[in-house]
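Right, one structure below, let's go through it.
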Amino acid sequence: QVQLVESGGGLVQPGGSLRLSCVVSRSIFSIDVMGWYRQAPGKQRELVAIIISGGSTNYAASLKGRFTISRDNTKNTVYLQMNSLKPEDTAVYYCNAKVVTTVYWGQGTQVTVSS
């Protein structure tokens with residue numbers, strides 16, 4: 001069993017920044033794919049970004065350039081740096097890990113972008 005705990009969400013003004021963290025209950029060195037997803041009210045959960053064990057990254061086209069995903073294997077943590085935030089970025093952000101054929105999710109952290 002793998003547990004993921006997100007943190008770092010909150011209320012931020014448009015144009016501001018936040019860094020989300022996802023701490024994993026085991027070593028992430030061998031986890032092939034980790035990612036961040038988000039779900040806004042009334043909408044389906046959507047991909048934000050993923051990072052492969054070798055360090056390659058992939059982003060939702062609309063977010064590339066504002067969001068950056070990274071991982072620190074020594075801290076079993078994956079990060080999502082979010083800059084130039086917009087009201088439409090308001091959502092619950094979820095961390096995700098794919099271990100072999102099993103996908104694990106965190107409980108989510110709320111990000112609200114509002115003035």
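The values are calculated or read from the model by the stated rules, or taken from the named source; none is laboratory data. Since we're looking at a predicted model, the values are computed, not measured. For neighbour counting, all protein chains shown are included, and Cβ atoms are generated from backbone atoms with ideal geometry for every residue, glycine included. Only protein heavy atoms, including side chains, enter the accessible area calculation; ligands, DNA and RNA are left aside. Shrake-Rupley method; radii C 1.70, N 1.55, O 1.52, S 1.80 Å.
Yes or no: ASP32 without any contact (Cβ under 8 Å) to a residue 12 or more places away in the chain and open to solvent by 30 Å² or more (accessible area, probe 1.4 Å)?
no
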With respect to MET34, is the statement that it is modelled with pLDDT of 95 or more and touching a helix residue (DSSP H, G or I) at 6+ places or on another chain (Cβ under 8 Å) true?
no
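A quick yes/no check of all residues on (1) hydrophobic (A, V, I, L, M, F, W, C); (2) within 13 Å of the chain's Cα centre (by Cα):
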residue	(1), (2)
GLY10	no, no
ILE28	yes, no
TRP36	yes, yes
SER53	no, no
ILE69	yes, yes
LYS75	no, no
GLU88	no, no
VAL92	yes, yes
Could we say that THR102 is in contact with a strand residue (DSSP E or B) (Cβ under 6 Å, 6 or more places away or on another chain), open to solvent by less than 70 Å² (accessible area, probe 1.4 Å) and hydroxyl-bearing (Ser, Thr, Tyr) here?
no
Would you mind stating whether GLY16 is open to solvent by less than 30 Å² (accessible area, probe 1.4 Å), touching a residue at least 40 places away in the same chain (Cβ under 8 Å), small (Gly, Ala, Ser) and outside any loop (DSSP other than H, G, I, E, B)?
no
ALA61 is checked against (1) closer than 25 Å to THR112 by Cβ; (2) open to solvent by 40 Å² or more (accessible area, probe 1.4 Å); (3) in contact with a strand residue (DSSP E or B) (Cβ under 9 Å, 6 or more places away or on another chain) and fails just one. What number does that condition carry?
(3)
Yes/no for VAL92 being in contact (Cβ under 8 Å) with a residue 12 or more places away in the chain, of a type in the set (A, V, I, L, M, F, W, C), open to solvent by less than 20 Å² (accessible area, probe 1.4 Å) and not in a loop (DSSP other than H, G, I, E, B):
no
Within the range 1-13, take every residue that is farther than 16 Å from ARG66 by Cβ and either in a strand (DSSP E or B) or touching a His at 6+ places or on another chain (Cβ under 8 Å) (or both) and give me the one that is most open to solvent (accessible area, probe 1.4 Å).
LEU11
Answer from ARG26, ARG71, ARG66 - the residue that is charged (D, E, K, R), more than 23 Å from THR102 (Cβ to Cβ) and touching a residue at least 12 places away in the same chain (Cβ under 8 Å):
ARG66
Note on the range 35-52: residues in a loop (DSSP other than H, G, I, E, B) and either open to solvent by less than 50 Å² (accessible area, probe 1.4 Å) or more than 18 Å from VAL103 (Cα to Cα) (or both) are ALA40, PRO41, GLY42, LYS43
